[in-house]
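Asks: Before we start, here is the structure in question, set down as structure tokens.
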Amino acid sequence: MYSRTPYPSKFMTLERHIAEGEREHPEATGEFSVLLHHLALAAKLVWREVTKAGLVNILGKTDRMNISGDEVKKLDEFADETIFKAMDHAGHLCVMASEENEDLLHIPADYPHGKYVLLYDPLDGSSNIDANVTIGSIFSIYRRVSAAGQGTMEDVLQPGYRQAAGGYVLYGSSMMFVYCTGHGVHGFTLDPSVGEFLLSHENIRIPQKGTIFSMNEGNYGRWEPRMQQYARYLKEEDAATGRPYSARYIGSLVADVHRTMLYGGIYCYPGDTKNPNGKLRLVYENNPLAFIVENAGGAASNGHRRILDVQPESLHERSPLFIGSRDDVKMAEEFLAGRR
Ligand code: FDP
């Protein structure tokens, strides 16, 4: 009998999941689904290159040339170009912006322009590449607000609550594609033997409170006293409130947030005396992750207000980030407001 097989009764591939999501929207034109398919393809191409990262020296790299005499691109540049090229031609986007590029990325004039906008961080955590530590790509999709033709800065600088979809890809011990269109957060793991993403984490829910904190404590001396007080509080002994919290910090935002979503707790990148708004970028990193974590039942704040409500003023603006379990984010805000 089929039911005796070790496999689930229904294989839910990413493709099928996207198609079933589309069927719930009779008005859908299918453009959005195509866009997600292309993103997944771009992610696989990046993953293929990431898995070769450690082999570059063995295979005879000289400066920036590989053994065949081709130029070896830095992995973050490769990811940036690959995502752009996978997304520029199908007619569903009007403009893109990437963390790696100063200005807007316009769709080439000879390709059609569509109604969506893509923002992406092609390779987050890139300083971890050489140590074989998890890295990732992060993306946000918005509907355009301009009428037609080439997209504009106004299309790109929308507050995060207007996202039509957000997600990320993890390149780790396995490859995962996590996305949300406002109806739950779903994670798919690549089965390399068939080249398909299979649903492995359906409807991810973050615990309401956790016992793990994730922050770069090397910056402690530069934090404002209230932030320092909060970090000290998390490390005090008090069984009744689950303290001390455990520390976990990978140094790849996307991996730290993924773990936080699965196990609960909080990830913080506050401002400090050197970087008053912290290090992370509002539109490429904080907004998509905030959209995902809120949809999983968590919260995301800049320390004083909801990330998704902030109106971005410029493409590369930075913002502090406190993200994770709802009770933990609330407590961080209380410390920063001097209420605790
Ligand atoms: P990276 O510079 O390696 O790309 O946003 C960039 C980021 O990594 C995040 O992924 C990561 O969480 C953060 O910087 C790490 O910053 P610190 O080294 O200051 O902890």
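The values are calculated or read from the model by the stated rules, or taken from the named source; none is laboratory data. Because the structure is predicted, anything quoted here is derived from the model rather than measured. Please note: Cβ atoms are built from the backbone with ideal geometry, for glycine as well, and neighbour counts cover all protein chains shown. The protein model used for the area step is the full one, side chains on, heavy atoms only, and it has no ligands, DNA or RNA in it. Shrake-Rupley method; radii C 1.70, N 1.55, O 1.52, S 1.80 Å.
Asks: When the residues of the stretch 256-269 are narrowed to those that are of a type outside the set (A, V, I, L, M) and open to solvent by 10 Å² or more (accessible area, probe 1.4 Å), which ends up nearest to the chain's Cα centre (by Cα)?
Replies: Filtering the stretch 256-269 for residues that are of a type outside the set (A, V, I, L, M) and open to solvent by 10 Å² or more (accessible area, probe 1.4 Å), the one nearest to the chain's Cα centre (by Cα) comes out as H258.
Condition check ((1) touching a helix residue (DSSP H, G or I) at 6+ places or on another chain (Cβ under 6 Å); (2) open to solvent by 10 Å² or more (accessible area, probe 1.4 Å); (3) outside any loop (DSSP other than H, G, I, E, B); (4) in contact (Cβ under 8 Å) with a residue 12 or more places away in the chain) across all residues:
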residue	(1), (2), (3), (4)
G136	yes, no, yes, yes
S140	yes, no, yes, yes
V145	yes, yes, no, yes
G149	no, yes, no, yes
D155	no, no, yes, yes
Y161	yes, yes, yes, yes
G166	yes, no, yes, yes
V169	yes, no, yes, yes
M176	no, yes, yes, yes
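Asks: Spot the failing condition for H183; the list is (1) in a loop (DSSP other than H, G, I, E, B); (2) in contact (Cβ under 8 Å) with a residue 12 or more places away in the chain; (3) farther than 18 Å from M12 by Cβ, and only one is missed.
Replies: Of everything listed in (1) in a loop (DSSP other than H, G, I, E, B); (2) in contact (Cβ under 8 Å) with a residue 12 or more places away in the chain; (3) farther than 18 Å from M12 by Cβ, H183 misses just condition (3).
Asks: Looking at the stretch 113-134 only, could you name the residues that are within 20 Å of L35 (Cβ to Cβ) and open to solvent by 70 Å² or more (accessible area, probe 1.4 Å)?
Replies: The answer is K115, and nothing else.
Asks: For the stretch 175-199, give me each residue that is of a type in the set (G, A, S) and modelled with pLDDT of 95 or more.
Replies: Residue satisfying the conditions is G187 alone.
Asks: Still on this structure, I have one more. When residues of the stretch 186-200 are filtered for being without any contact (Cβ under 8 Å) to a residue 24 or more places away in the chain, open to solvent by 10 Å² or more (accessible area, probe 1.4 Å) and not hydrophobic (A, V, I, L, M, F, W, C), how many remain?
Replies: 4
Asks: Would you be able to say whether some residue in the stretch 290-307 is farther than 28 Å from N203 by Cβ, in a loop (DSSP other than H, G, I, E, B) and either touching a Lys or Arg at 6+ places or on another chain (Cβ under 8 Å) or open to solvent by 10 Å² or more (accessible area, probe 1.4 Å) (or both)?
Replies: For the stretch 290-307, residues farther than 28 Å from N203 by Cβ, in a loop (DSSP other than H, G, I, E, B) and either touching a Lys or Arg at 6+ places or on another chain (Cβ under 8 Å) or open to solvent by 10 Å² or more (accessible area, probe 1.4 Å) (or both): present.
Asks: Test of understanding: among E154, E202, which residue is in contact with a strand residue (DSSP E or B) (Cβ under 8 Å, 6 or more places away or on another chain) and among the charged types (D, E, K, R)?
Replies: That would be E202, the only listed residue that is in contact with a strand residue (DSSP E or B) (Cβ under 8 Å, 6 or more places away or on another chain) and among the charged types (D, E, K, R).
Asks: When residues of the stretch 210-237 are filtered for being open to solvent by less than 60 Å² (accessible area, probe 1.4 Å), assigned to a loop (DSSP other than H, G, I, E, B) and either farther than 16 Å from Y269 by Cβ or of a type in the set (S, T, N, Q) (or both), how many remain?
Replies: 2
Asks: Something else about it: I'd like to verify a number: residues in the stretch 243-267 that are among the aliphatic types (A, V, I, L, M), more than 12 Å from the ligand (Cβ to nearest atom) and outside any helix (DSSP H, G or I), how many?
Replies: 2
Asks: Separate question: Taking I138, is it within 16 Å of the ligand (Cβ to nearest atom), among the hydrophobic types (A, V, I, L, M, F, W, C) and at pLDDT below 95?
Replies: No: the conditions fail for I138.
Yes/no matrix, rows are residues, columns are (1) within 16 Å of the ligand (Cβ to nearest atom); (2) more than 24 Å from A97 (Cβ to Cβ):
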residue: Y269; (1), (2): yes, no
residue: N275; (1), (2): yes, no
residue: E285; (1), (2): yes, no
residue: P288; (1), (2): yes, no
residue: V293; (1), (2): yes, no
residue: G303; (1), (2): no, yes
residue: Q311; (1), (2): no, no
residue: L315; (1), (2): yes, no
residue: F322; (1), (2): yes, yes
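Asks: Would you mind stating whether E99 is within 16 Å of the ligand (Cβ to nearest atom), open to solvent by 40 Å² or more (accessible area, probe 1.4 Å) and touching a residue at least 60 places away in the same chain (Cβ under 8 Å)?
Replies: yes
Asks: Here's another thing I want to ask about it. Being closer than 18 Å to L262 by Cβ and among the small types (G, A, S) is the filter here, so list the residues in the stretch 183-213 that pass it.
Replies: Within the stretch 183-213, G184, G187, S200, G210 qualify.
Asks: Please pick out the residue among L105, L118 that is at pLDDT 95 or above and within 21 Å of L289 (Cα to Cα).
Replies: L118 is the lone residue from the list that is at pLDDT 95 or above and within 21 Å of L289 (Cα to Cα).
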